[in-house]
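Remarks on the structure that follows.
The values are calculated or read from the model by the stated rules, or taken from the named source; none is laboratory data. It should be emphasised that the depicted structure is a prediction, and the values quoted were computed from it without experimental measurement. Using ideal geometry, Cβ is built from the backbone for each residue, glycine included, and neighbour counts are taken over all protein chains shown. Note: accessible area is taken over every heavy atom of the protein model, side chains too, but ligands, DNA and RNA are not part of it. Shrake-Rupley method; radii C 1.70, N 1.55, O 1.52, S 1.80 Å.
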Amino acid sequence: MAHIGGLVAAAVAAVAILLHASIHKIDEGHLGVYYRGGALLHSPSQPGYHVMLPFITSFRSVQTTLQTDEVKNVPCGTSGGVMIYFDRIEVVNMLAPTAVIDIVKNYTADYDKTLIFNKIHHELNQFCSVHTLQEVYIELFDIIDENLKQALQKDLNVMAPGLTIQAVRVTKPKIPEAIRRNFELMEAEKTKLLISAQRQKVVEKEAETERKKAIIEAEKIAQVAEIHYQQKVMEKETEKKISEIEDAAFLAREKAKADAEYYTSQKAAESNRLKLTPQYLELMKHQAIATNSKIYFGNNIPNMFVDSG
């Protein structure tokens, strides 16, 4: 009986070991690739729990979301023969799920070592070998990451379609201490020069501002004077127009008065001309004689009254 119990326990243990070896989990954002007898199978598995033949089939989990590979302590020799080291280079990349089988088949599940790590070393040394320390460390440092990204992606488009480089981040390289101190002194001098140049620009800007302010003030004074001048001119013109209007009105009144007097005189003359008839004159003579208080009688009346003829 004890023997049977031992066999059952052994069988249960064997089943437990087989289940443990066959059941596995694929995390979200990954695909599972399988090897059977060392040969890659062509059907990857999706995230979740899966079962495989224990001891015959093995699996690797391959990430298909954004991941960052770090390449550390990359040596680089400049064109001048100075050896420098890049402490860390980060490569952000993503593998398309449809390209997993082909890339794993050609470059194994550790494809990043071949396609990214080794390429970083190669491309960075290619860059350093044709540039001076001054260019690598200062002048062209800001374009190293973009150059690496473009060079990597160009090769990956041919060698491993489906693997995309999203970004490359490069840290400042380590350089020999003596050279670093020289660079720091040089940068300090450049900073002083920049500060001096900036101070000069500030002084020039302030002088330019004062000059512009003086010009604006002078223009304002000139404009005010021009306005006052125009105002006086307009006042004089207005006075002139008023005077001309008054003169014209006076002339018109005088002309009208003269015309009226002339018309009156003319009418009076015409009236007198019409009145001066022989009969009217005779009447006026008799009226004048009638108004005289002296009356003369006799045959010899003075000639001043009676015509002798």
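Numbers for the structure displayed
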| quantity | calculated |
| --- | --- |
| Dipole magnitude of the range 138-240, debye to nearest 20 (Cβ charges: Lys/Arg +1, Asp/Glu -1, about Cα centre) | 300 |
| Accessible-area composition of the chain, carbon plus sulfur, in percent [1.4 Å probe] | 60 |
| For the chain: accessible area per residue (Å², 1.4 Å) | 71 |
| Alpha-carbon centroids, the range 101-134 and the range 194-225: separation in whole Å | 57 |
| Difference of contour (0.36 nm per residue) and Cα-Cα distance, T209 to T68 | 45.5 nm |
| Stretch gain in nm, segment D145-T291, where the contour uses 0.36 nm per residue and the Cα spacing is subtracted | 38.3 nm |
| Karplus (6.51, -1.76, 1.60) ³J(HN,Hα), θ = phi - 60°, over the range 139-150, in Hz, Gly and Pro reported as x | 5, 10, 4, 6, 10, 4, 4, 5, 4, 4, 4, 5 |
| Relative contact order %, the range 89-174, counting alpha carbon pairs below 8 Å whose residues are six or more apart | 52 |
| Total charge dipole magnitude, the chain, about the Cα centre, Cβ charges on Lys, Arg, Asp, Glu only, Debye to nearest 20 | 340 |
| For the chain: relative contact order, % (alpha-carbon pairs under 8 angstrom, 6 or more apart) | 12 |
| Nearest-ten-degree value, helix 278-291 long axis tilted from longest Cα axis of the chain | 70 |
| Segment I17-E90, extension gain: residue separation times 0.36 nm, minus the distance between their alpha carbons | 22.2 nm |
| Relative contact order, percent, the range 27-174 [alpha-carbon distance under 8 Å, six or more residues apart] | 25 |
| Cβ-based charge dipole, the range 112-266, positive-most Cα from T132, P173, T114 | T114 |
| For the range 152-159, 3J(HN,Hα) per residue [Karplus equation, 6.51 cos²θ - 1.76 cosθ + 1.60, θ = phi - 60°, Hz, x = Gly/Pro] | 4, 5, 4, 6, 5, 4, 8, 7 |
| Computed FRET value (nearest 0.05) for H50 with M159, which takes r as the C-beta separation and R₀ as 25 Å | 0.25 |
| Principal-axis tilt of helix 2-22 within the chain, Cα atoms, nearest 10 degrees | 30 |
| Most positive-pole-ward Cα, L66, I56, I84, against dipole of the chain from beta carbon charges | L66 |
| Dipole in debye (nearest 20) - the range 44-142, about Cα centre, beta carbon charges: Lys, Arg +1; Asp, Glu -1 | 460 |
| Expected 222 nm ellipticity per residue - DSSP helices of 4 or more, -39500 (n - 2.57), all of the chain, to 500 | -20000 deg cm²/dmol |
| Principal-axis tilt of helix 118-129 within the chain, Cα atoms, nearest 10 degrees | 60 |
